[in-house]
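S.K.: Attaching a single structure in structure tokens format; questions to follow.
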Amino acid sequence: MRMTRYGIVAASMLGLSASAAWADVTLGIMIDTNPESIASFDAVSKAYSEKHPDVTFDVEQRAGGSEGDNIVKTRLATGEMPDIFQYNSGSLFQALKPEQTIADLSDLPSAAGILDTFKKVVSASDGHVRGIPFGPAMGGGIFYNRKIYAELGLQPPKTWADFIANNQKIKAAGKVALAQTYGTTWTSQIFVLADFFNVQSEVPNFATDYTANKVKYATTPAALRGFEHVEEVAKAGFFNEDFGAATFDDGMRMVSTGEAAHYPSLTFGIGNIQQNFPDNLQDVGFFAVPGNDAAKNGLTIWMPAALYLSAKAEHLEEAKKFLDFVASKEGCELMAKAVPSGPYLIKGCELPKDVPQAVSDMLPYFETEGRAGPALEFLSPVKGPALEQIAVEVGTGIRSAKDAAALYDQDVEKQAKQLGLPNW
Amino acid sequence: MVARKSPYPYWFVLPAAVVFTTLFLAPTIASFWFSLTRWDLFTTQFIGLENYKQFFREPFLIKGLINTVIYAVTTSAAKTVLGLLLAVLLTSGIWAQGALRTIIFFPVLVSTIGVGITFSVLMHPTRGLINVALATLGIHGPGWLTDPALALYSIVVVDVWKGVGLATVIYIAGLASISPDYYEAARIDGATRRQMFFRVTVPLSKPATVTVVTLSLIGGLRSFDLIWAMTKGGPGFSSDVLASVIYKQYQAGFYGLSTAGNVILFLLIGLIVLPLTAWFNRKEIDL
């Protein structure tokens, strides 16, 4: 009798614990602190939890920039990475030794819907897809305040000379022409990195030759021009007075509220306007970094970050199911609704009709053949860590454009050697 | 030479030896090894002295080395001089002496990162309290942290403000150990206060000076957190020191290279501090 009672208790306890193990899965996920990342993740995780009430998420947020790189690398190397993590695609992804550290996602049913342009930047050297797009593609270019443009009767510039002329008129009207924010150092690189479409339209083989150590920034006039542009706008005195200390948030504020007319950035800044200055969302327009020739001008594109699955993930199968949902058309459209700041890279995934002004300024570049191309970091693994400091030096007048380009050429050597590229 | 027999059996030191070996000795030896490899956390490849060559080729390194020495010498000198003067003031029996001693020591207890962030807000070129206050006096304040010629020295000032309390406390202890007989004798001989300071106080507080100089010099040479919180070595590379150059290599994923940088920093501190301590100690015996 007693035996049986114990037996029943034990059996029911077993049953309970077994069903508990089946029922509740907590997926660990690490994303960065960017408002767009958080909004995208909230959109997909909420929908997924509604469909699968047994799945919950344990979200950990990390810093962006080089501090974030460090966190991701250290966690992967020590095996402390949550199941799923968000990280850049392109050259930064390649530096993670993806063959060893990141799970293969090529058998994911929804992987077939990922656009080929994106598959390329999340495939390891074995050719297997290891990431799914998280967020929209971004453009690198210049935000402008449409109220100031209307007030002064200006048109978005088609060439660099037009851009300088606009800046001069804005400055003459007593306004800050160009916001610069060296307090957030990465923002200093936009004139160099987002000029790459213009570089490539003049030197079509630049990326391949650059990887093979055959061309250099300092000795290729088209590539050097990015550095020269920074020097030119700095010397012309277009900047806000506190450019050395201002931050990315300050820059977005200035261009949204009309404190400054221009702010070079990546289009993920639109999320910042939506969050902090929703009333000014329609006041901010966007154009690509202008080049010498209006006919050859186009937009330099940044591929979105990806969600990856750690090779040592605790809940490998459950995490794969979640990623499959994120990469599906349904998951993608949820993100597109939450963060409509650029085109998405899943087949058939449409943006909502009413997008912010800066996005509708950007979309024509994507929709017209030959007016948009990826940034150098998606075509070549060679990227130096010190470009942001070097660009700050040019903008602050410490170093000339020519010297800066030569210094950057030297800086990239370390990366090339570490990756074991031939010819370096 | 016969080794003196330790009064303790060997097993007695075992726990300490285990801790020392696993936490200090092994990592130190490992870091010498890793500094000779190209290391991306996942794989290592032995490349001999290549990292050291690369580190010395870093264009920012020379700037960082010079800045490190400037930073260490200026902060150390300022802390020593100000520390002694403040200690004299705070042992002279002035009003509320105890409270004032507490106040001068207070910044030492505050988190360096907190101090750095606070001062970078105060030193903001347009909105910072310092320049706003100067503007009301009609002075156009400089970009304390954004002017490349000024940034390093602005951090030096904050470092001295934060660290002078420790120097003062060491000097207060040093002054307390000087026998009042010396001052009495000097007074009878008709020495002025100035003479008493230079002829009695300064030489007799030498042990305190040795401690203050050594501590603040080592602190200055390896200084990192305050600089990182205030400028991250910027603008550009103008306030980079050896430690921030090393950290940036680490952030960029050049783990072997940054380990080589740490070995160099270790050797540099040794090269500067060992002869200095030897010199100080010799002088002490002479005294």
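S.K.: What average count of beta carbons from other chains do you get within 10 Å of the Cβ of residues in B:233-241?
M.R.: 6
S.K.: So, one more: Restricting to DSSP H runs of at least four residues, report the calculated mean residue ellipticity at 222 nm for chain A, -39500 (n - 2.57) per run over all residues, nearest 500 deg cm²/dmol.
M.R.: -14000 deg cm²/dmol
S.K.: Using 7 Å Cα-to-Cβ label points, what is the A:ASN213/A:ALA161 separation (nm, one decimal)?
M.R.: Each label point is offset 7 Å from its Cα along the Cβ direction, giving 4.0 nm.
S.K.: Round to a whole angstrom and tell me the spacing of the C-alpha centers of the stretch B:114-177 and the stretch A:346-369.
M.R.: 49 Å
S.K.: Most exposed first by the Cβ proxy, i.e. fewest other Cβ within 10 Å, how do A:ASP104, A:ASP409 rank? Before the final figure, lay out each step's value.
M.R.: Numbers: A:ASP104 15, A:ASP409 19.
By the 10 Å Cβ count, ascending, the order reads A:ASP104, A:ASP409.
S.K.: Moving on to the next point. In what order do A:LEU379, A:LEU96 fall by count of nearby beta-carbon atoms within 10 Å, going from fewest to most?
M.R.: Numbers: A:LEU379 20, A:LEU96 25.
Ranking A:LEU379, A:LEU96 by Cβ neighbours within 10 Å, fewest first, gives A:LEU379, A:LEU96.
S.K.: From the phi angles alone, apply the Karplus equation (6.51, -1.76, 1.60; θ = phi - 60°) to the stretch B:49-56 and give each ³J(HN,Hα) in whole Hz, x where the residue is Gly or Pro.
M.R.: 8, 3, 4, 5, 4, 4, 4, 6
S.K.: Of all DSSP beta bridges located in the protein assembly as shown, what percent are antiparallel, nearest 5?
M.R.: On the way: 27 of 44 bridges.
Within the protein assembly as shown, antiparallel bridges account for around 60 percent of the total.
S.K.: Could I ask something else about it? Quick check on chain B: helices-only [θ] at 222 nm, where DSSP H runs of length 4 and up contribute -39,500 (n - 2.57) each and the sum goes over total residues. Nearest 500, please.
M.R.: Here the helix-only value at 222 nm equals -21500 deg cm²/dmol.
S.K.: Please identify, among B:ILE269, B:ILE178, B:ILE66, the residue showing maximal mean-square fluctuation in a Gaussian network model of chain B using a 10 angstrom Cα cutoff.
M.R.: B:ILE178
S.K.: Here's another thing I want to ask about it. Return the sequence-ordered ³J(HN,Hα) values of the stretch A:337-351 in whole Hz as given by the Karplus equation 6.51 cos²θ - 1.76 cosθ + 1.60 applied to θ = phi - 60°, using x for Gly and Pro.
M.R.: Per-residue couplings from phi come out as 6, 6, 10, x, 9, x, x, 9, 9, 10, 4, x, 8, 9, 6 Hz.
S.K.: List the residues whose amide H sits under 5 Å from the amide H of B:GLY236, counting only those 5 or more places along or on another chain, with H placed 1.01 Å from N in the peptide plane.
M.R.: Amide H to amide H, under 5 Å and 5 or more residues apart or across chains, B:GLY236 pairs with A:GLU393.
S.K.: Using the Karplus equation 6.51 cos²θ - 1.76 cosθ + 1.60 (θ = phi - 60°), what ³J(HN,Hα) coupling, rounded to whole Hz, does each residue of the stretch A:281-292 give in order, writing x for Gly and Pro?
M.R.: Rounded to whole hertz, the list is 4, 7, 7, 10, x, 8, 9, 5, 4, x, x, 6.
S.K.: Moving on. Would you mind ranking A:CYS349, A:CYS332 by Cβ crowding within 10 Å, fewest neighbours first? Can you show the working numbers first?
M.R.: Details: A:CYS349 22, A:CYS332 28.
Ascending Cβ contact count within 10 Å gives the list A:CYS349, A:CYS332.
S.K.: Now for a different question. How far apart, in nanometres, would the label points at B:ALA135 and B:LEU25 be if each is projected 7 angstrom from Cα along the Cα-to-Cβ direction?
M.R.: 6.1 nm
S.K.: In nanometres, what is the gap between the two model label sites at A:HIS52 and A:TRP424, each 7 Å from Cα along Cα-to-Cβ?
M.R.: With each label point 7 Å from Cα toward Cβ, the separation is 3.8 nm.
S.K.: Longer than 31 Å from Cα to Cα, which of B:LYS53/B:LYS162; A:LYS414/B:LYS79; A:LYS147/B:LYS248; A:LYS97/A:LYS329; A:LYS120/A:LYS312 are they? Say none if no pair is.
M.R.: Going by Cα-Cα distance, B:LYS53/B:LYS162; A:LYS414/B:LYS79; A:LYS147/B:LYS248 fall outside the 31 Å limit.
Since every read-out is calculated from the coordinates, none of them should be taken as a lab result. Predicted model, so just to flag it, every value in this text is computed and none were measured. As a convention, Cβ positions derive from the backbone with ideal geometry for all residues, glycine included, and neighbour counts pool all protein chains shown.
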